[in-house]
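Note sheet for the following structure.
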Amino acid sequence: MLHLLRFLLLFSSFSLSTFALDEDDKAQLLLFKSHLEDSNQTLSSWGRNSNNWTGLIFSNQTGRLVSFNVTGTNIAGRIHPSICQLLKLETLILSRTNITGTIPSCLGRLLNLKILDLSYNALAGAMPDTLAGLIQLEMVDFRGNGGLFGDFPTWIGNFSTKLERIDMSFNSFSGEIPDSLYYLNPLRYLDLSHNFLSGSVGEFRQPLVYVNLESNRISDTLPCFLASVDSLSVLNLANNSIEGGIPACLSDLSVLTQLNLSHNNLAYAVSPRLIFSEKLILLDLSFNSLSGQVPWRIAKPSEKSGLLFLDMSHNQFSGEIPSTITDLKSLQFLFLSNNHLTGEIPARIGNLTYLQVIDLSHNMLSGSVPLNIVGCFQLLALLLNNNNLSGEIQPELDALDGLKIFDISNNMISGEIPLTLAGCKSLEVVDISSNNLSGPLNAAMTKWLNLRFLSLARNKFTGALPLWLFSFKRIQTINLSSNKFTNEIPDGNFNLSLKSSKNAEMKQSLIVTVDEELSFKYDLYSPLGIDFSDNLLHGQIPDGLFGLHGLEYLNLSYNFLDGQIPPNLDKIWSLRWLDLSHNSLWGQISERLLGLGNLTMLNLSYNCFSGIVPVGRFPGAFAGNPDLCMEASSGYECEGRSIPAVPETPAMKEEIMGRSISVMAFCISGFVSFYLGLFGLFCSARTRNYILQNKG
């Protein structure tokens, strides 16, 4: 707003009609331009026989330059000292260009300067003390220059009696907030976020409107901002080391719209007297050590406005979710995850018809998912994972036709996947793993055309894998492990279009941006992979499965697969993790497989492979294959005992011990002891079929 008013004043005061430009100013401007790179010819109008120079405003009385604004242009280079000769300059804006180097100390000569904006460049070094001479300055904006460093200047609060706005965010300043800032009466907007400032936050003596000190190293306790009770709109102290409790006096901030105290060391219970006005739209207390019950009254409910965003996740709250939360009719985002909450999900949660995200995960909630939740018809993400929920997936959930993320994993939910879920056509992430779900896969899932992540792992699903399982165009991960799927892996047209990812496990990052309005998006970091391990699958591995472009992770272990590894390895150059262990696969191991450059984990143990494999790259990957010859410096050793055992890490041991079924179909002949070693193994179809029929 200050920018706009300043520009309107300038445009109203200085006409662009014909007048004589000051020759000295013209010369200094052309000298300044000569030291810049201007690949887009943005400043090509400078120097022509015209008074209309791009980004410049001259006084029509004196011809002197009063406003210099080339924001967002592609000019590059250093700020040449010639700009310091433009002594009548009132506005200097070089933001969002490619300016480098240091801030010229001679800028302190521009005594008429009111607006100085060098934001979002690549400036480095310390702020020159000479800027303390700019006694007319009303706004200084140096944000987004990560190379600016040094102690935060102590003079910045007492050099200008007109300074209203200070933005030094996203830099590398250190030290404490200078005392002078607490007494700078005109100051209304202060943003020192994303620096390395330390010390405490004192009591400001002026009526501030905006305070952002996020992502520093500030400690001690919170002040009350008593001088700002009728003015402060935004208060952001997130990601610091602030201690103690939340003072109830903060609720006296009568026009507060945003309060973010997340990622601190706040503790104790929230005072029942901490009730904010109806103007509050965002309250974020997440990632602290707050305890006690979730406050039953957070903000004054209002039909006209009210709280839109509430995040109390990652604390130590206990007890039940207060039903009064359902009175916050305007609420769009509700995060209460990673606490110690018990009881049931409030039955009236469907009253929150504007909700876009519900995250109650990682608690101890019980009961079933209330049917009333379908009243949240604008819901985009429903995360109820890692609780003690029971019951079945309600068929009526198909009313949530805009739902993108559905995560009820790690609960005790039973029954089958309802056919009506075909109505949830917007689903992108579906995680219903680690429950008691059963039955076959139904074709309703084919309607999830935007599906990116699917996990049905650790349930009791049965039946054959359908061919349509490989028809999802945007899929990144399919995990059907630890179920009772039977028959062969279908060999059809593998239409998967796998997209790159770097992470080895699925992580969701929910991002709510606050600008003119709240908006939601999420980032999905997931392996590009398929996991069918620990099932009852048999037959050969389809060639198409080894022909998937971009495949990073493939786990078919603990099944009854036989035949050879498909030879078409050219398309899986991106494969990082391959586990085919504990099957009945046979034949020679291709050198092309062992030579895959990105492969970091390989497990082919306890199969029936033969031939020669090299020693060294994948130790333990071939145990339990007695006909394999391990390459050695003195020739080849073909005794089974020469094959190294699979190294058992604590994590592997926990995974193996945690399996509900231990599959030991190792093609056993003669006396076999699992603990003492395996001797003289061979592949017996009769043995495999017997175990297949009697597993579980």
#### Entry: Matching residues, the stretch 441-479, being open to solvent by 20 Å² or more (accessible area, probe 1.4 Å), at pLDDT 95 or above and not in a strand (DSSP E or B)
Arg458
### Task
Give the residues of the stretch 303-359 that are within 20 Å of Ile275 (Cβ to Cβ) and among the acidic types (Asp, Glu), sorted by residue number.
Glu303, Asp311, Glu320, Asp327
### Gly72 vs. criteria in contact with an Asp or Glu (Cβ under 6 Å, 6 or more places away or on another chain) and either surrounded by fewer than 17 Cβ atoms within 10 Å (Cβ to Cβ) or assigned to a strand (DSSP E or B) (or both)
no
## Note on the structure
Reported set for the stretch 228-273 where residues are open to solvent by 40 Å² or more (accessible area, probe 1.4 Å) and either under 29 Å from the mean Cα position of the chain (by Cα) or closer than 21 Å to Gly199 by Cβ (or both) is Asn239, Ser241, Glu243, Gln258, His263, Asn265, Tyr268, Ala269
#### Entry: Qualifying position, being open to solvent by 20 Å² or more (accessible area, probe 1.4 Å), in contact (Cβ under 8 Å) with a residue 60 or more places away in the chain and polar (S, T, N, Q), among Gln356, Gln378
Gln356
### Query
Is it true that Phe149 is in contact with a strand residue (DSSP E or B) (Cβ under 6 Å, 6 or more places away or on another chain), part of a strand (DSSP E or B) and either farther than 30 Å from Asp230 by Cα or touching a residue at least 12 places away in the same chain (Cβ under 8 Å) (or both)?
yes
### Query
Checking Leu437 against (1) in a loop (DSSP other than H, G, I, E, B); (2) out of contact with any His (no Cβ under 8 Å at 6 or more places or on another chain), which single condition isn't satisfied?
(1)
### Message
Condition first: open to solvent by 20 Å² or more (accessible area, probe 1.4 Å), outside any strand (DSSP E or B) and not aliphatic (A, V, I, L, M). Now tell me which residues in the stretch 203-214 satisfy that.
### Response
Glu203, Arg205, Pro207, Glu214
### Query
So which residues in the stretch 34-63 are in a loop (DSSP other than H, G, I, E, B) and either open to solvent by 60 Å² or more (accessible area, probe 1.4 Å) or among the basic types (Lys, Arg) (or both), if there are any at all?
His35, Ser39, Asn40, Gln41, Arg48, Asn49, Asn52, Gln61, Thr62
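Which residues, counting only those in the stretch 75-84, are part of a strand (DSSP E or B) and of a type outside the set (Lys, Arg)?
Initial filter on the stretch 75-84 (part of a strand (DSSP E or B)): 76-78.
Scanning the stretch 75-84 gives Ala76, Gly77.
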### Query
Between residues in the stretch 583-609 that are without any contact (Cβ under 8 Å) to a residue 60 or more places away in the chain and residues that are open to solvent by 50 Å² or more (accessible area, probe 1.4 Å), which pairs lie under 6 Å by C-beta distance while being six or more apart or on different chains?
Gly587/Gln564; Asn598/Arg576; Thr600/Arg576; Met601/Trp577
### Task
From (1) under 29 Å from Phe142 (Cα atoms); (2) open to solvent by 50 Å² or more (accessible area, probe 1.4 Å), pick out the condition that doesn't hold for Lys279.
(1)
### Breaking point among (1) among the aliphatic types (A, V, I, L, M); (2) in contact with a Phe, Trp or Tyr (Cβ under 6 Å, 6 or more places away or on another chain); (3) open to solvent by less than 10 Å² (accessible area, probe 1.4 Å), for Ala132
(3)
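Those residues that are open to solvent by 20 Å² or more (accessible area, probe 1.4 Å), at negative phi and not in a strand (DSSP E or B), I need them from the stretch 403-421; list them, please.
Result: Lys404, Met412, Glu416, Leu419, Thr420.
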### Message
As an exercise: evaluate Ile242 against (1) part of a loop (DSSP other than H, G, I, E, B); (2) more than 26 Å from Asp359 (Cβ to Cβ); (3) not charged (D, E, K, R) and give the number of the one condition it does not meet.
### Response
(2)
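The values are calculated or read from the model by the stated rules, or taken from the named source; none is laboratory data. From a predicted model like this one, the values you see are computed outputs, not experimental measurements. Please note: Cβ atoms are built from the backbone with ideal geometry, for glycine as well, and neighbour counts cover all protein chains shown. For the accessible areas, the whole protein counts, side chains as well, though only heavy atoms, and no ligand, DNA or RNA atoms are used. Shrake-Rupley method; radii C 1.70, N 1.55, O 1.52, S 1.80 Å.
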